[in-house]
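The values are calculated or read from the model by the stated rules, or taken from the named source; none is laboratory data. As the structure is a computational prediction, the values presented were derived from the model and not from experiment. So basically every Cβ, Gly included, is an ideal-geometry build from the backbone, and we count neighbours across all protein chains shown. For accessibility, only protein heavy atoms count, side chains too; no ligands or nucleic acids. Shrake-Rupley method; radii C 1.70, N 1.55, O 1.52, S 1.80 Å.
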Amino acid sequence: MLKGRHLVEPGNFSIEEMAGLFTLAEKIEADPLYLRESCRGKLLATLFFEPSTRTRLSFEAAMLRLGGACLGFAEPGSSSASKGESLADTIRTVSCYADAIVMRNPKEGAAMVASRYAEVPVVNGGDGGHHHPTQTLTDLLTIRRLRGHFDGLTVGFCGDLKFGRTVHSLAKALSRYTGIRLIFISPPELKVPDYITQGILKKAGTEYLETDHLEKVMGDLDVLYMTRVQRERFFNEEDYIRLKDSYILTTEKMKAARDDMIILHPLPRVNEIALEVDGDPRAAYFKQTKYGMYVRMALLSSLLGVV
Ligand code: NCD
């Protein structure tokens with residue numbers, strides 16, 4: 001039962017609970033009007049202290065499609081945080097108005113803090129470079145729909161693996177399935193943090209490899225997860241400029257990939273996937289965006305206990 005629960009990081013839900021969400025999302029995909037009035041009278045607050053297109057809009061679209069309504073802000077400057085209000089007080093206040101809260105915040109751990117003060121379910125829409133669990137639900141549903149299963153897959157992560165929160169959450173979630181192999185492709189400066197490799201993956205017994213060479217491993221991959229270099233988390237612009245174009249996926253590089261490999265990207269894309277790749281049938285990033293809305297519909301209806 002997910003009713004009333006918080007989702008701060010992927011480990012908050014068991015793999016069975018996630019599978020239940022995917023099954024529900026697939027029912028919604030098959031019949032978009034299924035559950036259409038289920039959240040009538042319910043309110044979702046979206047508190048975005050950092051920019052967002054997909055996460056905020058897909059949550060709002062999900063809630064509206066379920067018959068509910070949304071309130072919130074996308075500009076932290078327009079909330080009382082800009083007057084010095086603590087996150088705890090903001091959350092206590094919003095708990096009085098809304099039935100669930102989605103929050104994105106630049107500080108790692110902010111969603112965890114919010115969950116301690118909220119009277120209603122809190123969903124982490126991204127906390128700094130830490131976690132982004134609903135992107136993970138999106139990524140997993142896309143893999144399940146397009147590859148059919150998780151066990152035994154080889155998944156490559158490419159780009160900014162240091163600051164990319166979607167990478168941290170997905171790697172953690174994948175480590176719970178059997179026979180998964182993860183390949184981390186990044187320049188040494190943007191390596192995946194040790195707490196993921198030495199901590200989570202070692203403990204789970206998940207096989208992994210770190211390399212800076214995309215072409216060398218391309219033919220091994222079932223899934224290639226491309227990411228943007230996270231400019232806003234760099235301490236200086238020079239490093240960003242030096243590293244930003246480390247990997248650019250082109251149709252030429254795709255020649256080495258398997259026919260059934262899929263390319264995922266949480267989006268937004270900057271330069272890391274050439275536009276020419278969009279026409280490749282293996283490019284799944286816009287399908288992924290659509291699955292994100294279905295899985296958020298499944299999540300909200302479950303947290304609000306209407307299914
Ligand atoms: C990601 C994020 O915010 O972490 N975007 C998203 O939610 N789809 C990835 C990114 O910003 O690069």
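Residue-wise test of (1) closer than 16 Å to ASP127 by Cα; (2) of a type outside the set (Val, Ile, Thr); (3) open to solvent by less than 50 Å² (accessible area, probe 1.4 Å); (4) modelled with pLDDT of 95 or more.
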{"position": "PRO10", "(1), (2), (3), (4)": "yes, yes, yes, yes"}
{"position": "ALA25", "(1), (2), (3), (4)": "no, yes, yes, yes"}
{"position": "MET63", "(1), (2), (3), (4)": "no, yes, yes, yes"}
{"position": "GLY72", "(1), (2), (3), (4)": "no, yes, no, yes"}
{"position": "LYS83", "(1), (2), (3), (4)": "no, yes, no, no"}
{"position": "VAL94", "(1), (2), (3), (4)": "no, no, yes, yes"}
request  = Could you list, in sequence order, all residues of region 109-156 that are assigned to a helix (DSSP H, G or I), surrounded by 23 or more Cβ atoms within 10 Å (Cβ to Cβ) and more than 16 Å from the ligand (Cβ to nearest atom)?
outcome  = ALA114
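Quick check on my filter: what residues within region 245-269 are within 16 Å of the ligand (Cβ to nearest atom), surrounded by fewer than 18 Cβ atoms within 10 Å (Cβ to Cβ) and more than 17 Å from the chain's Cα centre (by Cα)?
Taking region 245-269 first, the residues within 16 Å of the ligand (Cβ to nearest atom) are 245-249, 263-269.
Then keep just the ones that are surrounded by fewer than 18 Cβ atoms within 10 Å (Cβ to Cβ); that gives 245, 248, 268-269.
If the condition is that a residue be within 16 Å of the ligand (Cβ to nearest atom), surrounded by fewer than 18 Cβ atoms within 10 Å (Cβ to Cβ) and more than 17 Å from the chain's Cα centre (by Cα), then ASP245, ILE248 are the ones that fit.
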note = Exception for ALA62 within (1) part of a helix (DSSP H, G or I); (2) over 17 Å from SER302 (Cβ atoms); (3) in contact with a Lys or Arg (Cβ under 7 Å, 6 or more places away or on another chain) falls at (2)
ask   = Restricting region 197-234 to residues that are closer than 18 Å to LEU264 by Cβ and within 16 Å of the ligand (Cβ to nearest atom), which is most open to solvent (accessible area, probe 1.4 Å)?
value = ARG228
task = Any chance you could count how many residues in region 164-195 are within 16 Å of the ligand (Cβ to nearest atom), among the hydroxyl-bearing types (Ser, Thr, Tyr) and in a helix (DSSP H, G or I)?
result = 2
remark   = Matching residues in region 20-59 (on the phi < 0 side of the Ramachandran plot and part of a loop (DSSP other than H, G, I, E, B)) number 15
note = Within region 46-56, residues within 11 Å of the ligand (Cβ to nearest atom) and surrounded by 16 or more Cβ atoms within 10 Å (Cβ to Cβ) come out as PHE48, GLU50, SER52, ARG54, THR55, ARG56
message = Criterion first (within 30 Å of HIS149 (Cα to Cα) and either open to solvent by less than 30 Å² (accessible area, probe 1.4 Å) or not polar (S, T, N, Q) (or both)) does ARG5 satisfy it?
response = yes
request  = Go through region 73-108 residue by residue and tally those that are part of a loop (DSSP other than H, G, I, E, B), of a type outside the set (D, E, K, R) and within 16 Å of the ligand (Cβ to nearest atom).
outcome  = 2
